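Asks: Got a structure for you, questions after.
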Amino acid sequence: MNRTVARAALAAAALVLLAGTAGCGGSDITSGRLERALGPTFRNLFVLQQTELHGTDNAPSPDTWANCAKAGRASGGSGPGDDWVCLVHWPAPSGITQPIAYEVSVRPTGCYTAQGPASLVGQQRIQGADGHQHTNPLYEFDGCFDTA
Amino acid sequence: MTALALDEPAARPRGGVRTVYLWELEKLTAQWRVRAVAALCLLAPFAFVLALKTQDTVPSDTLFGRWVHDTGYAVPLVVLGFAGQWGFPLLTSVVAGDIFASEDHHGTWQTILTRSRTRAQIFTGKVLAAATFCVVVVALAGAGSIAAGVLLVGHQPLVALDGSLVPSGRAAELALLSWLCVLPPALGFTALGVLFSIATRHSAAGITGPVLVGLLMQLYAYVDALDVVRHALLTTPFDAWHGLLSATPYYRPLVEGCAVSAAYTVVCLAAGYLLLRRRDFTKG
């Protein structure tokens, strides 16, 4: 019985080693994947915020553009971490669309948390058109993307 | 006469698996531990929501945590995010890690093996009973958290992971489907619990073993390590439901997760069965 266990352990170790050597091909978390997920999410949440604030959504809807880069050490612009920065197009109340930066933390699972500039997109709770307090969708938001 | 002789095909009665299975279920439902876990799964989500309602803060470090005050459908998804971290391995192991080792604890192997049931029948019946408990626990926790959310918070539309707004009915469907998605890895941990139970012959080791393995896998997934290994971990499929909660859903993690869970289940059950078959019970 001990020999069986030893054999099984050996096989498992070999499998892990094999998987390890095969996995040296870079990270699942890339700027392209993050941009394709975060851009449309920001657009949807902006529309949601405008509906909360004004009852209707008559502000200009932003595009789904996003530009993400990983700061910190030379990581080749990929990999999980909390040092990602994403630029998105934010239509300011004045009517001018300007790029704003979100600080993004990306987990290895492909889920991220983006925190925006509160001075521009508002605090965590905002006063809605209906007089009630609402969760501000743009203050901080989560999202996930496929990592393969 | 050795116990091995009892495994002769001539002594194999019909309907043996069913008898073992029903008997195991009867034993399980009589245990206070099993009843407590079932009640906990159903009631804990209500306590969770009531605790949230007394304060303004939100569990924003969990997906959908920001929305727990805005829609009841966020509740089952937050609970799912929590439970996947460590809860499911522990809940399912409470039975799976104990179901074989309890025979060692009570010294009843010789007794049940002389009841003209083969080891294969006893193994199958016990594994089926452990799997049934796993399904029941997931179903109770899922139903409990959906009910807690809808009854205590409401059935407002849900903001999905891509920022799109999901109407009430569809949100309920998605919450149910998300809970279904954790069944394969939960059953994988059940199989792991069975293996620990047979290999260690000790209930405590059988219960804590899978929990430790789950925690180690979670730890590995959080460090910036090789992605290929992370895809092969049994805890990764617990996150597969993320792909459903988007206007443009992706199913790759779900398919991959089912394959990984099936592989773990088959390997653990095969290893467990081999250990049980080769064990010499005459030594006591």
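Asks: Using the eigenvalues of the Cα gyration tensor, what equivalent ellipsoid semi-axes result for region B:92-200 when each is taken as the square root of five times the eigenvalue, whole Å, largest first?
Replies: Semi-axes from the Cα gyration tensor: 41, 12, 11 Å.
Asks: Ratio of Rg to Rh for the protein assembly as shown, alpha carbon only, Kirkwood?
Replies: 1.06
Asks: May I pose another question? Ranked from highest to lowest mean number of other Cβ atoms within 10 Å per residue, what is the order of the peptides A:104-111, B:242-249, B:165-172?
Replies: For the peptides A:104-111, B:242-249, B:165-172, the packing ranking is A:104-111, B:242-249, B:165-172.
Asks: So, one more: Is region B:179-225 best put as rounded, prolate or oblate by its Cα gyration tensor, with a ≥ b ≥ c the root eigenvalues, rounded for a/c under 1.5, and otherwise prolate when a/b is larger than b/c, oblate when not?
Replies: Note, shape of region B:179-225 comes out oblate.
Asks: Pull out a ≥ b ≥ c, the square roots of the eigenvalues of the alpha-carbon gyration tensor of region B:12-283, then state rounded if a/c is under 1.5, prolate if not and a/b is larger than b/c, and oblate in the remaining case.
Replies: In terms of gyration-tensor shape, prolate.
Asks: Determine the shielding of peptide B:160-172 by partner chains: average, over its residues, the number of Cβ atoms on other chains within 10 angstrom of each Cβ.
Replies: What the average comes to for B:160-172 is 4.
Asks: Using modelled amide H (1.01 Å from N, peptide plane; none on Pro or chain starts), what sits under 5 Å from the amide H of A:Arg125, excluding residues fewer than 5 places away?
Replies: A:Asn136
Asks: In 10 Å bins starting at zero, report the fraction of Cα pairs in region A:31-144 per bin as a rounded %.
Replies: Once binned at 10 Å, the Cα pair distances of region A:31-144 give 15, 46, 29, 9, 1.
Asks: Of B:Ser178, B:Pro249, B:Val150, which is farthest along the charge dipole of region B:12-283 in the positive direction, counting Lys and Arg as +1 and Asp and Glu as -1 at C-beta?
Replies: In region B:12-283, that residue is B:Ser178.
Asks: Could you list which residues have their amide H under 5 Å from that of B:Gln156, counting only those 5 or more apart in sequence or on another chain, with H placed in the peptide plane?
Replies: The list, which skips near neighbours in sequence, is B:Gly72, B:Tyr73.
Asks: A further question follows. How far is helix B:16-29 tilted off the main Cα axis of chain B, in degrees rounded to 10, range 0 to 90?
Replies: Here the helix axis deviates by roughly 60 degrees.
Asks: Toward the positive end of the charge dipole of region A:29-73, about the Cα centre and with charges on Cβ (Lys, Arg +1; Asp, Glu -1), which of A:Thr51, A:Thr64, A:Ala37 goes farthest?
Replies: Going by the Cα projections, it comes out as A:Ala37.
Asks: Can you compute 3J(HN,Hα) from phi for each residue in region A:125-132, using the Karplus curve 6.51 cos²θ - 1.76 cosθ + 1.60 with θ = phi - 60°, rounded to whole Hz and x for Gly and Pro?
Replies: Each residue's phi maps through the Karplus curve to give 10, 10, 7, x, 5, 8, x, 8 Hz.
Asks: At a Förster distance of 30 Å, what's the computed FRET efficiency of A:Ala101 paired with B:Ser168, Cβ-Cβ distance as r, to 0.05?
Replies: 0.30
Asks: Using the crude model of +1 on Lys and Arg Cβ and -1 on Asp and Glu Cβ, and no other charge, please compute the dipole size for region B:136-284 relative to its Cα centre, in debye to 20.
Replies: Roughly 700 debye for region B:136-284.
Asks: Ok, one more. Each residue of region B:171-187 in turn: what ³J(HN,Hα) in whole Hz from Karplus with 6.51, -1.76, 1.60 and θ = phi - 60°, glycine and Pro shown as x?
Replies: Each residue of region B:171-187 in turn: 5, 5, 4, 5, 5, 4, 4, 4, 5, 4, 5, 8, 4, x, x, 5, 5 Hz.
Asks: Each residue of region B:235-240 in turn: what ³J(HN,Hα) in whole Hz from Karplus with 6.51, -1.76, 1.60 and θ = phi - 60°, glycine and Pro shown as x?
Replies: Result, rounded to whole Hz: 8, 4, x, 5, 9, 4.
Asks: Sticking with this structure for a sec: Ratio of region B:159-284's C-alpha Rg to 2.2 N^0.38 Å, to two decimals?
Replies: That ratio works out to 1.30.
Asks: Another question, if that's okay. Between helix B:252-278 and chain B, what is the angle of the helix's C-alpha long axis to the longest principal axis, kept within 0 to 90° and rounded to the nearest 10?
Replies: Roughly 20 degrees, rounded to the nearest 10.
Asks: Let me know the charge dipole size of chain B about its Cα centre in debye, to the nearest 20, where only the beta-carbon of Lys, Arg (+1) and Asp, Glu (-1) is charged.
Replies: 1060 debye
Asks: Counting other C-beta atoms within 10 Å, and keeping those with at most 15, which DSSP coil trypsin sites (Lys or Arg not before Pro) do you find in region B:56-148?
Replies: Here the trypsin sites (Lys or Arg not before Pro) that fit, given the DSSP loop and packing criteria, are B:Arg115.
Computed from the coordinates by the stated procedures, all read-outs in this text should not be read as laboratory data. Source: prediction; values computed, not measured. Quick reminder, even Gly has a Cβ in these numbers, built from the backbone with ideal geometry, and neighbours come from all protein chains shown.
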